[in-house]
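The values are calculated or read from the model by the stated rules, or taken from the named source; none is laboratory data. On a predicted model such as this, the values are computed, not experimentally measured, just so you know. Cβ atoms come from the backbone with ideal geometry, glycine included; neighbour counts cover every protein chain shown. All accessible areas refer to the heavy atoms of the entire protein, side chains included, with ligands and DNA or RNA removed. Shrake-Rupley method; radii C 1.70, N 1.55, O 1.52, S 1.80 Å.
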Amino acid sequence: MDSVEVNQLTKRYGDLAAADHISFSVRDGEIFGFLGPNGAGKTTTINLLTGLARPTSGSARIAGFDCATEIKKAQPVMGIVPDESNLYEEMDGLENLSFCAALYGIGKEEREKKAGELLRQFGLAEAGKKPFGAYSKGMKRKLTIAAAIIHDPKILFLDEPTTGIDVASARQIRELIRTLNRKGTTIFLTTHYIEEAERLCNRVAFIVGGTIVRIGQLDELMREVQQENVVQLAFANGGAELEPALRESFPHVVVEASGTDAIRLRSALPLNLTPLMRFFEQKGVTVYEARIMRPSLEEVFVKITGIALEKMKQEKEGKGKQ
Amino acid sequence: MRSWIAFWNILMKDMRNYYLKPPNISWGIIFPVAWTLMFLLKSPTAVDVRELLPGVMSLSVLFGTTSMLSVTLTFERRSRSFERLLLAPLDLNLLMLAKTSGAIVFGLINAFVPVLFAAFLTDLSGIDWLPALGAIFLIAVTSTLLGLFIAVSVKEIFEAQTFSNFFRFPMIFLCGLFIPVESLPIFLQPISYMFPLTYGADILKSSISQNGHLGVPINFLILLAFAVGLFAVSVRNVKHKWIY
Ligand SMILES: Nc1ncnc2c1ncn2[C@@H]1O[C@H](COP(=O)(O)OP(=O)(O)O)[C@@H](O)[C@H]1O
Ligand SMILES: [Mg+2]
């Protein structure tokens, strides 16, 4: 079953199409990534799906309910982590969580118990007594995630969950997302960190200028971009000096030394490792590692969207500084 | 049932976070006292405290509610915590009812500060409390909704403040509390009847100093119509402007 079905969804702000006829679906139980540079339309899409914005045209359904007309029926099953933490600064962690649970109609006893559990699980038990305004960015983000899952949503929306926070918290948050997903929560996350999508997502959609340029299973997308087979061999000691001899023996393979004790082999055809190993055995060189090199999602993204890597990087740094 | 848990908690949170904070409590007390003193001092002859009561009560409610709701809502919109409320599975009408209820309760508390003072200064027997309470309640409701209307129209907190004064000061002079509507210049009189406060003040005058002139039932009907109308317009505006 699909948790989210989006069909030709469009949102215009004046002349600008922040989301332009986008269609995709998120399957039950998967981690779906929305990957794109700043201003691509990621937040707009989340707002349209969760009830903070109304589409100009097109439609979206969550858990079978129409997001424009039956949003109040869909909202109980969704949890939302906005791009900026928006809890109440003057309330402490426990009060914030308990209040958020109350918004979903959870009774006092149950919500206080759940709030306490979540604070412990998120390593915020101590911070639970401090006002939210006094939290660090990483703590704020974690409490915001806790607030979004206190009513056990079936689908969790996360808008750039690790942008602008410290590395340790970011790692912890990614681990939390994985754990939630293993327990059955469907995840929809947006990010402009390609590595994040690569680490977390089962499927990704590339969005640029309000348009989805590509959707696919991660490994499929990578295979598609990969035009040749690349294997890197690492040797116990030396070995790179065998480069010319290798070229002679395997004329259809492109050979490149990579440092003094590694060699990279490229070929349009699948590489047969058996004769290669025999070659090194005869030369008395020990091969202790053969690694198949895959393209990164970054390469895939650049290839498909045509956006220069530099541009993504600049935006990433610009955003990180804020 | 589940919606009422949300309703109740929103109301209680607003009371705790905003309305019952020390600065606001003192505002609620100082303000009515200042009004009372001002009127006592400025008049050359001894004034009947009782004559002043309708005016001071109305002003306390008016000032307590209009800016309170518009400032807290504008604040929550800016800090984006208001989005949380929009994302909750709670009917928009009920949500706005919860947000306005906090300010209404605060307005009612403000109204009774001058009553307490008056009780020490004069004999309050013979006041027709039922219509008076009803009027105070409806003044609180309509001024709160005016605050909501202001909140929907502005982006910044200072705009909310300025805009509320833009409504409040003309209202004070035109509502008939201090200058009877009949003695206003003829071209200002229609404006007086555009303010809900005029009708609330008239009920208070009838029930406290027996000098109202529109008739209590008519006043109530008009106030109710204002309340329902303002609420409907405000919720519609929230839907159109805040769910963009
Ligand atoms: N409320 C709005 N009014 C006008 N333009 C908007 C509004 N929200 C977003 N936009 C514009 O829509 C585009 C997409 O924005 P957004 O969805 O926030 O991008 P992302 O989250 O991918 O960075 C941007 O050009 C942004 O300026
Ligand atoms: Mg965004």
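The table for this structure:
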quantity	calculated
One residue from A:GLU110, A:GLU90, A:GLU84 being more than 7 Å from every other protein chain (Cβ to nearest Cβ) and either open to solvent by 40 Å² or more (accessible area, probe 1.4 Å) or on the phi > 0 side of the Ramachandran plot (or both)	A:GLU110
Test: residue in segment B:219-237 that is more than 13 Å from the chain's Cα centre (by Cα), modelled with pLDDT of 85 or more and not in a helix (DSSP H, G or I)	no
Within segment B:141-181, tally of residues that are hydroxyl-bearing (Ser, Thr, Tyr) and open to solvent by less than 20 Å² (accessible area, probe 1.4 Å)	4
Top-ranked residue of segment A:141-175 - restricted to ones that are open to solvent by 20 Å² or more (accessible area, probe 1.4 Å) and in a loop (DSSP other than H, G, I, E, B), ranked as farthest from ligand 1 (Cβ to nearest atom)	A:ASP152
From A:GLY116, A:GLY105, residue being without any contact (Cβ under 8 Å) to a residue 40 or more places away in the chain and in a helix (DSSP H, G or I)	A:GLY116
Criterion (surrounded by fewer than 23 Cβ atoms within 10 Å (Cβ to Cβ) and either at pLDDT below 95 or within 12 Å of ligand 1 (Cβ to nearest atom) (or both)) met by exactly one of A:ARG12, A:ARG61	A:ARG12
A:THR43, sole failed condition from (1) farther than 20 Å from B:ALA6 by Cβ; (2) away from ligand 2 (no atom under 13 Å from the Cβ); (3) in a helix (DSSP H, G or I); (4) open to solvent by 20 Å² or more (accessible area, probe 1.4 Å)	(2)
Whichever residue in segment B:61-95 is outside any helix (DSSP H, G or I) and either at negative phi or touching a Cys at 6+ places or on another chain (Cβ under 8 Å) (or both) and, among such residues, is modelled with the lowest pLDDT	B:SER79
Residue in segment A:8-22 that is closer than 15 Å to A:VAL204 by Cα, more than 13 Å from ligand 2 (Cβ to nearest atom) and part of a strand (DSSP E or B) present	yes
Segment B:168-205, residues that are assigned to a loop (DSSP other than H, G, I, E, B) and either in contact (Cβ under 8 Å) with a residue 60 or more places away in the chain or under 15 Å from the mean Cα position of the chain (by Cα) (or both)	B:CYS175, B:LEU177, B:PHE178, B:PHE195
Residue within segment B:96-119 that is buried (at least 21 other Cβ atoms within 10 Å of the Cβ), within 14 Å of chain A (Cβ to nearest Cβ) and outside any helix (DSSP H, G or I) present	no
Filter result for the condition that a residue is within 13 Å of ligand 2 (Cβ to nearest atom), within 18 Å of the chain's Cα centre (by Cα) and either more than 13 Å from every other protein chain (Cβ to nearest Cβ) or open to solvent by less than 50 Å² (accessible area, probe 1.4 Å) (or both), over A:LEU35, A:LEU48, A:LEU52	A:LEU35
Filter result for A:ASN96 (assigned to a helix (DSSP H, G or I) and within 16 Å of ligand 1 (Cβ to nearest atom))	no
Count of segment A:182-203 residues which are open to solvent by 30 Å² or more (accessible area, probe 1.4 Å) and out of contact with any helix residue (DSSP H, G or I) (no Cβ under 6 Å at 6 or more places or on another chain)	7
Residues of segment B:4-28 classified as open to solvent by 50 Å² or more (accessible area, probe 1.4 Å) and of a type in the set (A, V, I, L, M, F, W, C), total	6
Residues satisfying the stated conditions in segment A:208-236, i.e. farther than 17 Å from A:GLU198 by Cβ and of a type outside the set (S, T, N, Q)	A:VAL208, A:GLY209, A:GLY210, A:ILE212, A:VAL213, A:GLU228, A:VAL230, A:VAL231, A:LEU233, A:ALA234, A:PHE235, A:ALA236
Members of segment A:208-222 found to be under 14 Å from A:PRO295 (Cβ atoms), of a type in the set (D, E, K, R) and in contact (Cβ under 8 Å) with a residue 40 or more places away in the chain, listed by number	none
Candidate set from segment A:204-214 (those that are in a strand (DSSP E or B) and open to solvent by 10 Å² or more (accessible area, probe 1.4 Å)); member that is nearest to ligand 1 (Cβ to nearest atom)	A:VAL208
Candidate set: segment A:281-305, residues that are out of contact with any Phe, Trp or Tyr (no Cβ under 9 Å at 6 or more places or on another chain) and assigned to a strand (DSSP E or B); chosen: the one farthest from A:LEU35 (Cα to Cα)	A:ALA290
Cβ-Cβ under 6 Å pairs, at least 6 apart or on other chains, segment A:14-32 side farther than 16 Å from A:THR191 by Cα and free of Cβ contacts under 8 Å to residues at least 12 places away in the same chain, far side part of a loop (DSSP other than H, G, I, E, B) and of a type in the set (D, E, K, R)	none
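Yes/no per residue for (1) outside the structural domain of A:THR44 (by TED's automatic domain parsing); (2) open to solvent by 40 Å² or more (accessible area, probe 1.4 Å); (3) within 16 Å of ligand 2 (Cβ to nearest atom):
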site	(1), (2), (3)
A:GLY216	no, no, no
A:ASP219	no, yes, no
A:PHE235	yes, no, no
A:ALA245	yes, no, no
A:GLU248	yes, yes, no
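Yes/no matrix, rows are residues, columns are (1) basic (Lys, Arg); (2) free of Cβ contacts under 8 Å to residues at least 24 places away in the same chain:
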position: B:LEU41; (1), (2): no, yes
position: B:PRO54; (1), (2): no, no
position: B:VAL71; (1), (2): no, no
position: B:SER79; (1), (2): no, yes
position: B:ARG84; (1), (2): yes, yes
position: B:ALA88; (1), (2): no, no
